[in-house]
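The values are calculated or read from the model by the stated rules, or taken from the named source; none is laboratory data. Source: prediction; values computed, not measured. Methodologically, a virtual Cβ is constructed for each residue, glycine included, from the backbone with ideal geometry; neighbour enumeration extends over all protein chains shown. Protein only, heavy atoms only, side chains kept; ligands, DNA and RNA dropped before computing areas. Shrake-Rupley method; radii C 1.70, N 1.55, O 1.52, S 1.80 Å.
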Amino acid sequence: MPDGKYSVQHSVTIQEKRNSLKYKVLTSAETNVLSGKTRSFEDIKGNFDGLSAKIRNFIEKSADLCKPSQLYICDGSEEENTQLLQLLVENGVAKPIDKYQNSYLVRTNPADTARVESKTFICTPDKYTSVPRTKSGVTPSLGNWISPEDMEIAVKERFTNCMVGRTMYVLPFSMGPVGSPLAKIGIQLTDSPYVALSMRIMTRMGAEVLKVLGDDDFVRCLHCVGTPKSGVHENPLWPCDPERTIILHKPETNEIVSYGSGYGGNSLLGKKCFALRIGSTIAKKEGWLAEHMLIMGFTNPKNEKMYLGAAFPSACGKTNLAMMTPSLKGYKVECVGDDIAWMRFDKDGILKAVNPENGFFGVAPGTNSKSNPIAMETIKKNTIFTNVASTSNGGVFWEGMEEEVDLKETTITDWKNKEWDHQSNAAHPNSRFCTPAAQCPIIDPSWESPEGVPISAILFGGRRPEGVPLVYEARDWKHAVLVGASMRSEATAAAEHKGKMIMHDPFAMRPFFGYNFAHYIEHWVSMEKEGRKMPRVFHVNWFRKDANGKFMWPGFGENTRVLDWIMRRCNGEDVAVETPIGWVPKPGSINLEGLENPPNMEELTKVDKEFFLKELDQIEKYFDDQLTTDLPETMKDELKRYRERLSKY
Ligand code: GTP
Ligand code: SPV
Ligand code: MN
């Protein structure tokens, strides 16, 4: 009985609770909390026979393996949403947040709070299709490969009978506006109602997707939260299996299999697994780009509007920039997406981008009415919070919300469901809000445009406390590819990395490449073609620190000043000087009007030869260690030219 201790103990409390409930709970959804009664697969909610043969086949094969006691075909309706939410509240998994309409807080098992990069694999017959050739003795850091044989074993070991006593939810979802020529469809099978609810926010999920899909193929996504080998759940409210967690991708057959975690990118399979890892392999085949980028519209006081894409690593400011409130008068920001961009050149050679997602899964800590008032507005209804703290008056709390909550009047229950000691983290550093994009007050009018929005500039960036200027522009496309490939950033809480070391994170995609990074570089280089209008490419760094460890640049809404400089540069204004690393702002060219404490711009725009020579050594060593003979010739040439420029500087 895989659900062991959890089900037996838990079903008692649920039974007691249910007796006192006024509303009728859907019986078919109750199986997850009823132990012992092994129901047959015939117990189905939804019209199984109405599904296409391909979908029925996928479900039958998966059900044969997982042996769920029940099947629940999600239609994405409001009613279904309410029923599943009730189920979670009833069994204690979700707690209503009364201050916000239709919003809930879920606390996970403390062992399941972030993506697990070390347990994420790409499966191809040939290893080097998935990962680059590394130097012997070097730990590979650009993805993990697994053979088809080992994948089969890993799946069998974990999935056999993994859903006995549980419900298998069937989630048909579209990445991209339903029916858009740029959209792609997936079917996710999961035993987590929390995942079903979150997927309904993050993707377009439900019956209409099935209509568009017809008899066509789809990306197959199988997910199970898992049961520890011992059968005993540490946290019965959040079953997971951290020891055996594994996230597998098979690009050849467009398959994703994820076991052991219910958190974020590990379990909402449309996001990183599909839109980035599988997405990038499809994009390579079809000649487009699947990127870890926000998409935003930026309008200046002359009413000139441009769209930008920006690739920053996890927890490095995409959501914040995408919905920024400009500090300068007359500027406007509109949000198309905050995490992922699918981009392709159209027949006129214009790069067009769509946001494949339907919601924001944003970092909570640091978000407040000063740093990101738009996000604070967006999350006021229909939001699922995960691992934040709650207040005694029915609200939420996290680090950065100290001025929004009366800490004397309310008591705070921390993310571990203990009274907060005012010392440890109230919210987990990777706690998140999951909220519908359509609720964002500054959502761009074209955010669901089927053909996408035209991208004029791409930004790369990361957390660089030292040496890297506030902004610089790449010299040309090939140099831009080198700038993206050379990205580095301080580690954050979004994944399992410990400490604040500076990690290489090329294109902010290190955890998300679906194929060999060397081939990815070649693919980027190949984007430049006769007749195409290549976007201008910049590198930004909001995170420089002074000797006292304080941020030198005010950031957030003040980043308008940098976007304004970028726009002027794109419009051909004389605002930049050439340096070996690219074009940096001319003295005085960044508008500092109205800033109370003007930052040290000389320092923020300085190009320090010694720093960049060291940086270049590290990048060359990284390429040498991680890509060896796979490193494309174009990059070798670019590196050579860069060293020449630096040594002459
Ligand atoms: P993922 O969802 O993990 O991909 O992260 P993201 O890139 O969307 O990062 P997000 O915008 O959520 O920001 C993460 C953290 O960085 C938050 O704690 C923010 O408060 C902080 N942050 C964002 N922008 C700035 C900025 O301009 N300056 C400073 N100092 N911090 C920032
Ligand atoms: C990221 O880590 O880049 C995220 C969060 O956007 S997750 O969905 O968990 O990957
Ligand atoms: Mn992200």
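Using alpha carbons only, how many degrees (0 to 90, rounded to 10) separate the axis of helix 193-202 from the longest principal axis of the chain? Taking the Cα atoms of the chain, the angle to 193-202 is about 40 degrees. Within the range 112-130, which residues have the backbone N less than 20 Å from the label spot 7 Å out from Glu149 along Cα→beta-carbon, could you tell me? Output list for this probe position: 121-130.
Surface calculation, 1.4 Å probe, protein heavy atoms: His422 sits at approximately 100 Å² accessible.
The slack between Glu528 and Glu208, meaning 0.36 nm per residue of separation minus the straight C-alpha distance, is 111.5 nm. With contacts taken as Cα pairs under 8 Å at a separation of at least 6 residues, the chain carries a relative contact order of 14 percent. Of Lys606, Lys614, the residue with the largest accessible area leads and the full order is Lys614, Lys606 (1.4 Å probe).
Summarise the accessible area of the chain (1.4 Å probe, protein heavy atoms) by the percent that is carbon and sulfur. It would help to have the intermediate numbers written out before the result.
Numbers: 12510 of 25560 Å².
Its accessible area is 49 percent carbon and sulfur atoms.
When only DSSP loop residues count, what trypsin sites (Lys or Arg not before Pro) in the range 88-166 have their Cβ near at most 15 other Cβ atoms within 10 Å?
Qualifying residues, ordered by number: Lys99, Lys135.
Accessible area per residue (1.4 Å probe, heavy atoms of protein chains only) ranks Val212, Val155, Val540 as Val212, Val155, Val540, with the largest value leading. Can you compute the FRET efficiency between Lys370 and Leu328 using 1/(1 + (r/R0)^6), with r the Cβ-Cβ distance and R0 = 22 Å? Round to the nearest 0.05. For R0 = 22 Å, the calculated efficiency reads 0.85. Dividing the mean sequence gap of close Cα pairs (under 8 Å, 6+ apart) by how many residues the range 361-438 holds gives a relative contact order of 44 percent. At an R0 of 30 angstrom, the distance between the Cβ atoms of Arg643 and Arg133 translates into a FRET efficiency of 0.80.
The heavy atoms of Met293 offer some 0 square angstrom of accessible surface to a 1.4 angstrom probe. Accessible area per residue was computed with a 1.4 Å probe on protein heavy atoms; Lys250 scores about 50 Å².
For the residue pairs Lys61/Lys250; Lys95/Lys498; Lys498/Lys609; Lys135/Lys636; Lys529/Lys586; Lys408/Lys545, the alpha carbons lie more than 21 Å apart in Lys95/Lys498; Lys498/Lys609; Lys529/Lys586; Lys408/Lys545. Taking label positions 7 Å along the Cα-Cβ direction at both Lys380 and Gln101, the computed distance is 0.9 nm, reported to one decimal. A crude spin-label estimate for the pair Val232 and Glu496, with each label 7 Å from Cα along the Cβ direction, gives 2.2 nm.
The simple spin-label model puts a point 7 Å past each Cα toward its Cβ; for Ser424 and Leu595 those points are separated by 3.9 nm. Counting only protein chain heavy atoms and rolling a 1.4 Å probe, the accessible areas of Lys61, Lys621, Lys284 rank, largest first, as Lys61, Lys621, Lys284.
Mean residue ellipticity at 222 nm, helices only, the chain: -7500 deg cm²/dmol; runs of at least 4 DSSP H residues each add -39,500 (n - 2.57), and the sum is divided by the number of residues. Relative to the longest principal axis of the Cα atoms of the chain, the long axis of helix 4-19 lies at roughly 70 degrees. What do you get for the angle between helix 609-626 and the principal long axis of the chain? Use alpha-carbon atoms, 0 to 90 degrees, nearest ten. That works out to roughly 40 degrees.
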